[in-house]
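Take a look at the structure set out below.
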Amino acid sequence: MSQEVGRSNGGNSGAAPYSFGGEWQPSPIELGRRASRKAKSRRNGLIAALSSLLVLGTLAIVVVTSPGWKVLSATFFDWGYGFEVLPKILTGFFQSNVILTLIAATSVGILGLTIALIRTSRSPALTPFRILATGYVDAFRGIPMLLIILLVGFGIPALQIRGVTNDVFVLGIIAVIITYSAYVAEVIRSGILTVHPSQRAAARSLGLSNFQTLRYVVLPQALRRVTPPLLNDLVALIKDTGLVSILGVTDAIRAAQIETSRTFNYTPYVMAALVFLIVTIPLTRYTDRTLRKSIERQNAQGQA
Amino acid sequence: MSNPVLELVEVRKAFGAEVVLEDISIKVPEHTATVLIGASGSGKSTMLRCINLLELIDDGVIKLDGIDITDVSTNPDEIRRKLGMVFQSFNLFPHMKVLENIILAPMRVHGLGKEEATEKALELLTRFGLREKADQYPDRLSGGQQQRVAIIRSLAVEPRLLLLDEVTSALDPVLVNEVLSTVRDLKDHGMTMVLATHEMGFAKQVADEVCFLERGRIIEWGSPSEMLENPKDPRTQDFLKRVHEAGRL
């Protein structure tokens, strides 16, 4: 069998076994391999389609034929009603969740980066700040965000300090920023720690100062590496902005809740869920893509 | 005779209880190359890192142009500006293009304008036959090309002294020569350098002085012909014999 591979020029008996000058033609062996690969992939496609149909079909039948399905679809999937309340939900979404996300994401980025830099610095002058930053991260990574929102939202106004806001929207943002900064600081710190010490050594040996080394060599590499997890945190942040509704902020979830308690129809909740999905699904897809790219880049570097 | 560019006087370095350099004294006059040889772990790299102040020494003095750089009042950043260092593992900045790697220090440390820095960098790249790689990222280059870029990067700041730490040890045998000829070129142009290497043939070509280190001590030193052909100390003889057997001479 193996001798056949050499006659790659269509089995012309007079031709040299290896012909570099002429047009390459796949050998019969290669053609055979291609045909069986094609057949195999066709068979795999068929199996995948069949099994999907079977599993998803069964699931659909079980749900639809269940005794409560009629009532459920009337109270959760009343699309006419759903589109009627959609404007209110969208208003809440754009006026609260989106604005909250934008303000919080920016502040969290700045605060998280600052905390990460303080925690990774070795300067003796920063020692008290380092202790504070470590305590901060320990505390706010360990407390459920809902509790922080409640504590900030009800605790700060209770202090009755003059000039400090009682606006639940502002207090809600502050609570979100406090919590997420602790997470983001740790993500960025881990990125900084993954930059190899030899990169620092190279930068310092060129005469760059500690700060310049951080600014031009360490941080650009660190932030690039942690972009996928940071995007992941952004998706979580968008969803968690809904938690401030507990303070009475009329966001998408609160707007849906108000409607639901009026009509006892739960379709507004489903609509609110869909509104979140429209934003989060593209973002998670984008996150997956950046993650894949960064892995590819690291692999390429590993080979160089 | 003026001061040597570099002088080490009885330098000692320990990591905890482990002494890695002991009683190291050398002089490196201007336009000369001093080659450090010795087995892995003998202290060659540590010695270079100490000269560059990447490691603090535990005793002794290091002088650059007659000035004590190990004095606690010296600013290490200022000293490093005058020294170039090339590492075994290249250590190019992977997020920067070749040109950006080279102009970083001239711009940020030496205050050159971007245009001037770029012009000088392109001149160097052209001189070493890497002009067309200026806009590539380091991971697109072969190991030999990366190391030559690293050498150019350290040259761009016009160092008083160049430190080369086993610059060919991470390279395929076929790529070693292009890097070695770059170093030879620098030597011919009068660059003062200290280099650690396992390439004895190369050491013979560029060295003005060869130092053999074992366990952190300089066992023997002298001209390359003395050291590599007629070493007196049995430990040097033994080391060279082993290198010879490994086919690296």
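Rolling a 1.4 angstrom probe over chain B with all protein chains present gives an accessible area of which 45% lies on carbon and sulfur atoms. Entry note, the stretch B:92-159: relative contact order of 47 percent, from Cα contacts under 8 Å with a spacing of 6+ residues. Reported to the nearest whole Å, the Cα centre-to-centre distance from the stretch A:55-94 to the stretch A:226-297 is 18. The residues of chain A present an accessible area of 60 Å² per residue when probed at 1.4 Å with all protein chains retained. Taking 27 Å as the straight-line reach from the Cα of A:Lys88, the lysines in range (excluding those fewer than 8 positions away in the same chain) are A:Lys70, A:Lys239.
Ligands, DNA and RNA are left out, and with a 1.4 angstrom probe the accessible area of the stretch B:15-100 is 42 Å² per residue. The accessible surface of the stretch A:12-121, taken with every protein chain in place and a 1.4 Å probe, is 71 percent carbon and sulfur.
Based on the alpha-carbon gyration tensor of chain B and its eigenvalue square roots a ≥ b ≥ c, which shape applies: rounded if a/c is under 1.5, prolate if not and a/b is larger than b/c, or oblate? Oblate, because a/c is 1.5 or more while a/b does not exceed b/c.
Over the stretch A:81-186, with a single point scatterer placed on each C-alpha, what log10 of the ratio I(q)/I(0) does the Debye formula yield at q = 0.12 1/Å? So the normalised log intensities work out to -0.53.
For the stretch B:107-156, the square roots of the Cα gyration tensor eigenvalues, ordered a ≥ b ≥ c, give a/c of at least 1.5 with a/b greater than b/c, which places it in the prolate category. Using a simple spin-label model with pseudo-atoms 7 Å out from Cα toward Cβ, A:Leu277 and A:Phe211 lie 5.0 nm apart. Listed values for the stretch A:102-109 are Karplus-derived 3J(HN,Hα) couplings in whole Hz (6.51 cos²θ - 1.76 cosθ + 1.60, θ = phi - 60°), namely 5, 5, 5, 4, 4, 5, 4, x, and x replaces Gly and Pro. Here the contact order of chain A, divided by its residue count and restricted to Cα pairs under 8 Å and six or more residues apart, works out to 23 percent.
Relative to the current alpha-carbon distance between A:Arg224 and A:Ala139, full extension at 0.36 nm per residue lengthens the span by 27.9 nm.
Dividing the helix sum by the residues of chain B, where each DSSP H run of 4 or more adds -39500 (n - 2.57), gives a mean residue ellipticity at 222 nm of -11000 deg cm²/dmol. Taking amide hydrogens as placed 1.01 Å from N in the peptide plane, the amide H of B:Asp59 sits under 5 Å from those of B:Arg12, each at least 5 positions away in sequence or on another chain.
What are the ³J(HN,Hα) couplings of the stretch A:199-212, residue after residue, when phi is run through the Karplus curve with 6.51, -1.76, 1.60 and θ = phi - 60°? Round to Hz, x for glycine and proline. For the stretch A:199-212, the Karplus curve yields 5, 4, 4, 4, 5, 5, 5, 7, x, 5, 6, 4, 5, 4 Hz. Rounded to the nearest 10 degrees, what's the angle between the helix A:28-64 long axis and the longest principal axis of chain A, both from Cα atoms, 0 to 90? Computed tilt is about 30 degrees. Using a cut-off of 23 Å between Cα atoms, the listed pairs B:Lys97/B:Lys187; B:Lys133/B:Lys204; B:Lys120/B:Lys204; B:Lys44/B:Lys82; B:Lys27/B:Lys204; B:Lys44/B:Lys133 include B:Lys97/B:Lys187; B:Lys133/B:Lys204; B:Lys120/B:Lys204; B:Lys44/B:Lys133 as exceeding that distance.
Computed over chain A with a Gaussian network model linking Cα atoms closer than 10 Å, the most mobile of A:Glu84, A:Glu30, A:Glu186 is A:Glu30. Overall shape: oblate for the protein assembly as shown, with the ratio a/c of the largest to smallest alpha carbon gyration tensor axis at 1.5 or above and b/c at least equal to a/b. Chain B against chain A buries an accessible area of about 1900 Å², both chains summed, 1.4 Å probe radius.
Here the calculated FRET efficiency for B:Glu119 and A:His196, from their Cβ-Cβ distance with R0 = 30 Å, stands at 0.45, rounded to the nearest 0.05. Under 5 Å from the amide H of B:Thr70 lie the amide H atoms of B:Ile62, each residue being 5 or more positions distant or on a separate chain, with H modelled from the backbone and absent for Pro and chain starts. The sum of -39500 (n - 2.57) across all DSSP H runs of n ≥ 4, divided by the residue count of chain A, sets its helix-only mean residue ellipticity at 222 nm to -25000 deg cm²/dmol.
Computed on chain B, with alpha-carbon pairs under 8 angstrom and 6+ residues apart, the relative contact order is 26 percent. Residues of the stretch B:62-106 whose accessible area (probe 1.4 Å, heavy atoms of protein chains only) drops by at least 20 Å² once all protein chains are present, relative to their chain alone: B:Asp77, B:Arg80, B:Phe87, B:Asn91, B:Phe93, B:Pro94, B:His95, B:Leu104, B:Ala105. Shown is the FRET efficiency for B:Ala39 and A:Val170, computed with R0 = 45 Å from the Cβ-Cβ distance and rounded to the nearest 0.05: 0.10.
The values are calculated or read from the model by the stated rules, or taken from the named source; none is laboratory data. Since the structure is predicted, the reported quantities are computational estimates derived from the model, not experimental observations. Methodologically, a virtual Cβ is constructed for each residue, glycine included, from the backbone with ideal geometry; neighbour enumeration extends over all protein chains shown. These accessible areas exclude ligands, DNA and RNA; they are computed on the full protein's heavy atoms, side chains included. Shrake-Rupley method; radii C 1.70, N 1.55, O 1.52, S 1.80 Å.
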